[in-house]
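Here's the structure we're looking at; comments come further down.
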Amino acid sequence: MEEKHHLEQFFFDKSTTSILADFIQGYKDPCILCAPTVAKELYKQGKTVTLLDIDERFSYLPGFKQYDITKPLIFEKKFDVILCDPPFFNYRFSILLKAIDTLSHHNYNQPLIISYLVRRENKFLKYFQKYRLSPTKFYPKYKTVKKSEKNLIKFYANFDFRIK
């Protein structure tokens, strides 16, 4: 499946997808936001998750809801973890924060894992300070993102996010 770069869609490589899916297996009600290949891998492993993504090509997955982060929907369901790989360039931090606030029901203790550009780390962490995110040691790899200082991405979490 081709990535939709005009939507800032970049898929994790197989290794990263597998690592994240294995980690998410330990949760009962995870929300996967803007990371459809992780939800697809979980489905292959027999787990249905809530997948929120703009790309309708993933609508065959149980738990898929078309989701535009600029118009966050309210879900009554409470998630035990939210994993997010958001678009980085065409959306302000305030838009992403509003989507996360809505999905977490403004619960700033909501377990949260978000990937983001290392070069924008200070500003990102300042925006999400209510969630007490910290840098992890996990740097995801993508199928088509060339490795460079400018493109360095890492995960941030508000809990002990350790990958085996």
Checklist entry - Pairs Lys77/Lys126; Lys14/Lys40; Lys98/Lys130; Lys14/Lys143; Lys28/Lys141; Lys78/Lys98: which exceed 19 Å Cα-Cα? => result Lys77/Lys126; Lys28/Lys141
Checklist entry - Toward the positive end of the charge dipole of the chain, about the Cα centre and with charges on Cβ (Lys, Arg +1; Asp, Glu -1), which of Tyr142, Phe75, Tyr60 goes farthest? => result Tyr142
Checklist entry - Which of Thr48, Thr136 comes first, and how do the rest follow, when ranked by fewest Cβ neighbours within 10 Å? => result Thr48, Thr136
Checklist entry - For Val81, Val38, Val118, what ranking results if the residue with the fewest other Cβ atoms within 10 Å of its Cβ goes first? => result Val118, Val81, Val38
Item to check | Helix-only [θ]222 nm of the chain, DSSP H runs n ≥ 4, -39500 (n - 2.57) each, per residue, nearest 500 | outcome: -7000 deg cm²/dmol
Checklist entry - What's the FRET efficiency of Gln129 with Lys77 using the Cβ-Cβ distance as r and R₀ = 30 Å, to the nearest 0.05? => result 0.70
Checklist entry - For the chain, what log10 I(q)/I(0) values come out of the Debye formula at q = 0.09, 0.11, 0.12, 0.13 1/Å, with one point per alpha carbon and no solvent? => result -0.25, -0.39, -0.47, -0.56
Checklist entry - Got the relative contact order for the chain handy, in percent, Cα pairs under 8 Å and 6 or more residues apart? => result 22 percent
Checklist entry - Under unit Cβ charges (Lys, Arg +1; Asp, Glu -1), what dipole magnitude, rounded to 20 debye, does the chain have relative to its Cα centre? => result 500 debye
Item to check | the stretch 19-84 versus the stretch 95-164: alpha-carbon centroid distance in Å | outcome: 16 Å
Checklist entry - Could you put Asp160, Asp13 in order, starting from the residue whose Cβ has the fewest other Cβ atoms within 10 Å? => result Asp160, Asp13
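For the stretch 72-164, what number results from the quotient of the Cα radius of gyration and 2.2 N^0.38 Å?
1.07
No lab work stands behind these numbers, since they all come straight from the coordinates. Everything numeric in this text was worked out from a predicted model, so none of it was measured. Ideal geometry is used to build each Cβ from the backbone, glycine not excepted, and the neighbour counts take in all protein chains shown.
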